[in-house]
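Data block below; observations after.
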Amino acid sequence: MSVLSTPKDEVAEKQPHSNWLMTQIRKPEWSPYAAGTMLGITVALSLLLAGQMPGSSGSFENLIAFLGSKLDANNIYFRFIMPAGITWQVWLMLGVFLGAFASAWLSHDFRWRKMPDKQWISVFGSARWKRWLIAFIGGAILEIGAGIAGGCTSGLAISGGVQLAPAAFLFIPGMFISGIITAAIIYRKNF
């Protein structure tokens with residue numbers, strides 16, 4: 001055997017370790033510990049590199065404020081209170097969308113799905129208009145609630161929790177309790 005050649009056993013041992021990261025990234029479902037760790041790293045990098053904390057609910061408000069400012073340029077709310085246009089949160093939401101697409105693509109889990117799905121049909125029936133209506137109303141309620149609470153799950157619970165904001169520690173149990181109650185009401189015995 002020459003000095004430059006590598007025994008087959010050593011090559012077999014090195015191969016899995018060199019692809020470990022891509023193997024983890026390509027998993028359709030991550031361990032909650034790995035996902036939590038990556039989320040923590042993302043929050044830290046967001047603060048260090050961009051000087052901003054993650055938050056997503058404001059992105060929709062910023063885009064709507066942009067449209068509102070075009071309709072009424074003299075409106076004080078759109079001029080001074082609500083930042084309009086492409087803000088940090090809008091870029092963040094675009095990144096979330098592209099990241100989710102990339103994750104589904106890499107894990108070979110991306111596919112076009114027909115809506116509504118089986119679980120939805122078993123609870124609400126097969127009317128698509130009903131799904132769109134409930135999704136729209138739910139989104140509007142979520143935005144109103146995020147505005148009242150001072151942020152959403154990412155902006156208040158995660159970013160606020162990192163900063164030890166008291167509101168975050170009130171919001172987190174409220175989020176879980178309301179989610180459990182809502183699931184129990186909607187899914188009844190299927191829950």
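What the table shows:
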item	result
Verdict on Ala84 being under 18 Å from Gly151 (Cα atoms), touching a residue at least 12 places away in the same chain (Cβ under 8 Å), outside any helix (DSSP H, G or I) and not assigned by TED's automatic domain parsing to the domain that holds Gly160	yes
Among residues of the range 27-72, those that are modelled with pLDDT of 85 or more, among the β-branched types (Val, Ile, Thr) and within 15 Å of Gln89 (Cα to Cα), counted	2
Of residues in the range 112-144 being of a type in the set (A, V, I, L, M) and outside any helix (DSSP H, G or I), the one nearest to Gly58 (Cα to Cα)	Met115
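The values are calculated or read from the model by the stated rules, or taken from the named source; none is laboratory data. Since we're looking at a predicted model, the values are computed, not measured. Don't worry about glycine lacking a Cβ; one is built from the backbone with ideal geometry, like all the others, and counts go over all protein chains shown.
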